[in-house]
């Protein structure tokens, strides 16, 4: 069994009334090596149940990109 280093997951959540957001920018991260990285922000709109379902599906799909984890 391969051992993988611990990871850091960066995320943020905020609920606003639908139609309230007019612009979204990527978040900038400062890395220990002095470089910068960017986190793409995503928008999900709908009812609470729709948002929760889409968020769970998106999180699952995100980890599908990293099958080695």
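The values are calculated or read from the model by the stated rules, or taken from the named source; none is laboratory data. Computed from a predicted model, the values in this text were never measured in an experiment. Cβ atoms come from the backbone with ideal geometry, glycine included; neighbour counts cover every protein chain shown.
Does any residue of the range 7-25 turn out to be outside any loop (DSSP other than H, G, I, E, B), over 28 Å from residue 69 (Cβ atoms) and at pLDDT 85 or above? If you could, list the steps in order and put the result at the bottom.
Let us first name the residues in the range 7-25 that are outside any loop (DSSP other than H, G, I, E, B), namely none.
No.
So which residues in the range 27-61 are part of a loop (DSSP other than H, G, I, E, B) and under 11 Å from the mean Cα position of the chain (by Cα), if there are any at all?
Going residue by residue through the range 27-61, those that are part of a loop (DSSP other than H, G, I, E, B) are 31-35, 40-47.
Of everything in the range 27-61, those that are part of a loop (DSSP other than H, G, I, E, B) and under 11 Å from the mean Cα position of the chain (by Cα) turn out to be 40, 41, 42, 43.
Got at least one residue in the range 50-65 being touching a helix residue (DSSP H, G or I) at 6+ places or on another chain (Cβ under 9 Å) and exposed (fewer than 10 other Cβ atoms within 10 Å of the Cβ)? No, because not a single residue in the range 50-65 is touching a helix residue (DSSP H, G or I) at 6+ places or on another chain (Cβ under 9 Å) and exposed (fewer than 10 other Cβ atoms within 10 Å of the Cβ). Residues in the range 21-41 that are within 20 Å of residue 9 (Cβ to Cβ) and surrounded by 10 or more Cβ atoms within 10 Å (Cβ to Cβ): 24, 26, 27, 29, 37, 38, 39, 41.
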